[in-house]
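Report on the following structure.
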Amino acid sequence: MEIQTIGIVGAGQMGNGIAHVMALAGYDVQLNDVSTDALKQAVELVEGNMARQVGRGKVSEADMTAALARIKTTPTLTDLGQSDLVIEAATERETVKQAIFEDLLPHLKPTTILTSNTSSISITRLASRTDRPEKFMGFHFMNPVPVMQLVELIRGIATDEETFSACKQVVDKLGKTAASAEDFPAFIVNRILMPMINEAVYTLYEGVGNVQSIDSSMKLGANHPMGPLELADFIGLDTCLAIMNVLHDGLADTKYRPCPLLTKYVEAGWLGRKTQRGFYDYRGDAPVPTR
Ligand code: NAD
């Protein structure tokens, strides 16, 4: 099936990035969020990020103007009902995602494909609560969306081949690479990445190292482009904790227990870059470690 209009639910760091790449690839985008501030901020971010791409000669001025004109925002979820493809990229909480799909269902075209950008929640379970589990799958972008090459495509138990290949064509049109993952907690990338980040937080919690020594050890000692704590701040500590909880609950193995220090940062509202404080404090000119 031909996809032209894409509805994106959630205009946070992932939603704005998804809107950015979809509009540049020629899709018509409707971006929704419960927060009108988030919508306003998302458009400003897309404008700023695209302008940087123009500055670097990666995108032409004309393509940027055309892409920005393809992005419409709406605080009304049901406006997304006529989309060919919906990508849900709201907060990583199952009840939030479930409620979004429930509210959207009566307004959808019979052909609309529903997807979630969830980092960890069961696609099969989300799909089972809709009227179209065969047209439901995981569409998992990496952060920052305009830069990262990979998209994980996750089939639920009922996802049909037509749905998979329609989503795969979208990934191809974006010029990105799709990896097919089975629907088990956290899929491929986060199943491997999050326990490493959680272990870095344990290393901090137990005093084996401080923020700086842990991050520089992994950068210089393992050749990672970012340290694990810097990366956790970038992803969002609430998202990291939510993924660890999904791994812990879904696989029932104590090796996935979230570090109490990660929980404490989230309880403090220190969620990383998006709140200007996490393992680093970003409120000044340069990031300062908080431990
Ligand atoms: P975020 O906190 O930056 O943004 C979430 C947005 O969802 C907020 O703007 C919030 O207002 C909005 N929202 C909440 N409830 C809503 C509702 N009912 N309807 C519409 N909008 C609603 O989070 P994020 O980092 O963009 O993550 C979004 C999703 O993407 C999560 O499922 C997360 O697991 C996934 N994801 C995140 C990353 C990452 O690195 N941050 C990477 C891949 C996937």
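The values are calculated or read from the model by the stated rules, or taken from the named source; none is laboratory data. Keep in mind it's a predicted model, so treat the numbers as computed, not measured. Virtual Cβ from ideal backbone geometry, glycine too; neighbours counted across all protein chains shown. To get the accessible areas, we keep the full protein, side chains included, count just its heavy atoms, and leave off ligands, DNA and RNA. Shrake-Rupley method; radii C 1.70, N 1.55, O 1.52, S 1.80 Å.
When G175 is tested against (1) open to solvent by 30 Å² or more (accessible area, probe 1.4 Å); (2) in contact (Cβ under 8 Å) with a residue 40 or more places away in the chain; (3) within 14 Å of the ligand (Cβ to nearest atom), exactly one condition is not met: (3). Just so you know, in the stretch 5-17 the residues that are more than 12 Å from the chain's Cα centre (by Cα) and β-branched (V, I, T) include one that is nearest to the ligand (Cβ to nearest atom), and it is I6. Applying the criterion of being open to solvent by 10 Å² or more (accessible area, probe 1.4 Å) and part of a strand (DSSP E or B) to the residues of the stretch 110-166, the residue that is nearest to V96 (Cα to Cα) is R155. In the set (1) touching a residue at least 40 places away in the same chain (Cβ under 8 Å); (2) in the same structural domain as H20 (by TED's automatic domain parsing); (3) within 14 Å of the ligand (Cβ to nearest atom), the condition left unmet by V151 is number (1). Out of the residues in the stretch 246-261 that are under 23 Å from Y280 (Cα atoms) and not in a loop (DSSP other than H, G, I, E, B), state the one that is least open to solvent (accessible area, probe 1.4 Å). The residue in question is L261. Could you list, in sequence order, all residues of the stretch 47-63 that are in contact (Cβ under 8 Å) with a residue 12 or more places away in the chain and open to solvent by less than 70 Å² (accessible area, probe 1.4 Å)? Of everything in the stretch 47-63, those that are in contact (Cβ under 8 Å) with a residue 12 or more places away in the chain and open to solvent by less than 70 Å² (accessible area, probe 1.4 Å) turn out to be N49, M50, A51, Q53, V59.
Count of the stretch 98-109 residues, restricted to those that are open to solvent by 40 Å² or more (accessible area, probe 1.4 Å) and of a type in the set (A, V, I, L, M, F, W, C), is 1. E44 meets the conditions (1) open to solvent by less than 50 Å² (accessible area, probe 1.4 Å); (2) of a type outside the set (A, V, I, L, M, F, W, C); (3) not in a loop (DSSP other than H, G, I, E, B) in every case but one. The failed one is (1). The one condition from (1) over 20 Å from K176 (Cβ atoms); (2) not in a helix (DSSP H, G or I) that L39 does not meet is (2). One residue stands out in the stretch 262-282 among those that are more than 16 Å from M226 (Cβ to Cβ) and touching a strand residue (DSSP E or B) at 6+ places or on another chain (Cβ under 7 Å): the one that is surrounded by the fewest Cβ atoms within 10 Å (Cβ to Cβ), namely D281.
For every residue, the table says whether it meets (1) out of contact with any Ser or Thr (no Cβ under 9 Å at 6 or more places or on another chain); (2) more than 15 Å from the ligand (Cβ to nearest atom); (3) outside any helix (DSSP H, G or I).
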position: E2; (1), (2), (3): yes, yes, yes
position: A19; (1), (2), (3): no, no, no
position: L31; (1), (2), (3): no, no, yes
position: K58; (1), (2), (3): yes, yes, yes
position: A99; (1), (2), (3): yes, no, no
position: D103; (1), (2), (3): no, no, no
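You will find that of P144, P75, P133, the residue that is within 22 Å of the chain's Cα centre (by Cα), more than 16 Å from the ligand (Cβ to nearest atom) and of a type outside the set (S, T, N, Q) is P133 and no other.
Residue count for the stretch 78-97 satisfying the condition of being closer than 24 Å to M142 by Cα, assigned to a helix (DSSP H, G or I) and open to solvent by 10 Å² or more (accessible area, probe 1.4 Å): 3.
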